[in-house]
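Structure, as structure tokens:
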Amino acid sequence: MFSKKKSKTIVVVGGGVIGTMHAWLALEAGHKVVHLERDLAPQSASIRNFGLVWVSGREAGAELALGLRARTLWEAIGAKSEIGFRANGSLTVAQNEPELEIIRAAAQLPDAQDRGFELLTSNDVKKLEPVLNGNHLGALRCTTDAAVEPSLLLHGLRTAMLANEKYSWHPHFDVVKYKKSDSGHTVKSSDGVKVSGDLIAFVPGAAHKGFLSEYFEGAAIRKVRLQMGATTPLASQLSHSVADGDSLRYYPAFKDLALHTLPPQTGVAAERKMQLLLVQRLDGSCTIGDTHEYIEPFDHEIQEAPYEHLSQVISNLFGAPSPKIVRRWDGVYSQSTSSDIYFRKEIEKGAVIVTGGGGRGNSLAPAIAEETIHAWGL
């Protein structure tokens, strides 16, 4: 499963998806990996998301190239681990004429073929996905989009890695101190336990404070809060992930198209900067969302109005009542606010902080980790 090379010791601090991909790729490169996580099991954005591998929304240029590379890596990793990977593609559904014109233009973009874009009529959509039998004018299909199962992902990756004696997993290891010395890099836990390695990657997600806080001063990153939910199982299979036309507002792939022609969002959709994303899970239920809040402090109250809006959008697309929402949750991720795709900072030679991939972190995770591995020359 993993290649055999002369081993360095790589310490990865952070058990979320980007941290775990650092561990995976370092192990594949033949090195010893010591993987540290402050919680007993990861509890943050990596298990609170859609599990989307979303190529369709990536910005043209470097971000799309990174997304396509990540998509290739996801498929290879999915073949080696039980993470529920499936190349299901997506449909971005237009419900009014301005949305239809934008997806028609998107299907003609210079990189449309690379993305796997295809314009579908309303009849095409209903034939392809009978569940989508409601009011819509067509859809933009993206054949490169994919999905994994958040509930399986991290456990599946760790299970595969634990089969390799060079990998060790240390949950409930709360790092409070870091030191560089001539012999390498050492971190110390709140319990006084020390771990050392030749190279170290800090992958803290939205934990911008604590022992790393000095390195985030003035950084172009922010936290984003979102609300999501899960429904009862659908009576039939939905073979694509689904986005509504509001998603065109929030993905940079479409930023140079005629977004100014879109009717303004109203009510809670405008207040919470909402879009519909819907992914059917392996058990038939659907993960739905989401909202965007950017101003801290977040109140972390679960508001019902966004779910009422999502249910109405789903009903319109399905031409039938929306499945009942049975679970609701929120999450916070770290997002780059500069032109950088994510935040990377080398704090010492051989020591790097990687975060800020939020909104695209799951999609890009393996390619982000690969950039660290390549930068280290592994």
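Some observations on this one:
- Global form of region 65-136, assessed from the alpha-carbon gyration tensor, a/c cut-off 1.5: oblate
- Sparsely packed loop sites in region 280-355 (the GluC sites (Glu not before Pro) outside DSSP H, G, I, E and B with at most 12 other Cβ atoms within 10 Å) comprise Glu301, Glu304.
- Cross-link reach is defined here as a Cα-Cα straight distance under 12 Å, omitting same-chain residues fewer than 8 places apart; for Lys188 the aspartates and glutamates meeting it are Asp174.
- Close amide H pairs (under 5 Å, H built 1.01 Å from N) link Asp174 with Ser190, Asp191, residues at least 5 positions away or on another chain.
- A dipole drawn for region 275-317 from +1 and -1 charges on Cβ atoms has a positive end, and of His309, Leu278, Phe298 the residue lying farthest that way is Leu278.
- The chain: angle of helix 305-318 to the longest principal axis, Cα-based, in degrees nearest 10: 60 degrees
- Between the beta carbons of Glu271 and Asn96, assuming R0 = 30 Å, the FRET efficiency works out to 0.90 to the nearest 0.05.
- Lys pairs, region 1-158 - Cα-Cα below 13 angstrom, 8 or more residues apart or on other chains: 4
- Across the options Gly78, Pro252, Leu226, the greatest Cα extent toward the positive end of the charge dipole of the chain (unit charges at beta carbon of Lys, Arg, Asp, Glu) belongs to Gly78.
- Label-point separation, Ala375 to Arg327 (7 Å along Cα→Cβ), nm: 3.4 nm
- GNM top mover of Leu40, Leu212, Leu152 - the chain, alpha-carbon springs below 10 Å: Leu40
- Take every pair of alpha-carbon atoms less than 8 Å apart whose residues are at least six positions apart; their mean separation over the length of region 305-378 yields a relative contact order of 19 percent.
- Over region 231-378, Cα pairs under 8 Å with separation of 6+ residues give a relative contact order of 19 percent.
- 0 to 90° range, to nearest 10: angle between helix 17-28 axis and the chain longest Cα axis: 60 degrees
- The value of relative contact order for the chain, using C-alpha pairs under 8 Å at least six residues apart, is 25 percent.
- DSSP-defined beta bridges in the chain - what % are antiparallel, rounded to 5: 70 percent
- Shape of region 148-255 from the C-alpha gyration tensor: oblate (a/c of 1.5 or more and a/b not above b/c, with a ≥ b ≥ c the square roots of its eigenvalues).
- Per-q log10 I(q)/I(0), the chain, q = 0.12, 0.14 Å⁻¹ (Debye; single scatterer per alpha-carbon; no solvent): -0.90, -1.19
- Classification of region 222-261 by its C-alpha gyration tensor yields an oblate form. The axis ratio a/c (a ≥ b ≥ c) is 1.5 or more, and b/c is at least a/b.
- Once you reduce region 112-180 and region 325-377 to the center of their Cα atoms, the two points are 16 Å from each other.
- The chain, dipole about Cα centre (Lys/Arg Cβ +1, Asp/Glu Cβ -1), debye to the nearest 20: 1160 debye
- Between region 250-294 and region 217-237, the Cα center-to-center distance that results, in Å: 11 Å
- Annotation: the antiparallel percentage among DSSP beta bridges lying fully within region 259-375 is about 100.
- In this label model, Gln113 and Gln312 are separated by 4.3 nm, measuring between points 7 Å along each Cα→Cβ vector.
A short reminder: the numbers here are calculations on the coordinates, not readings from a lab. All values derive from a computational prediction rather than experimental measurement. Cβ: placed from backbone, ideal geometry, glycine included. Neighbour counts: every protein chain shown.
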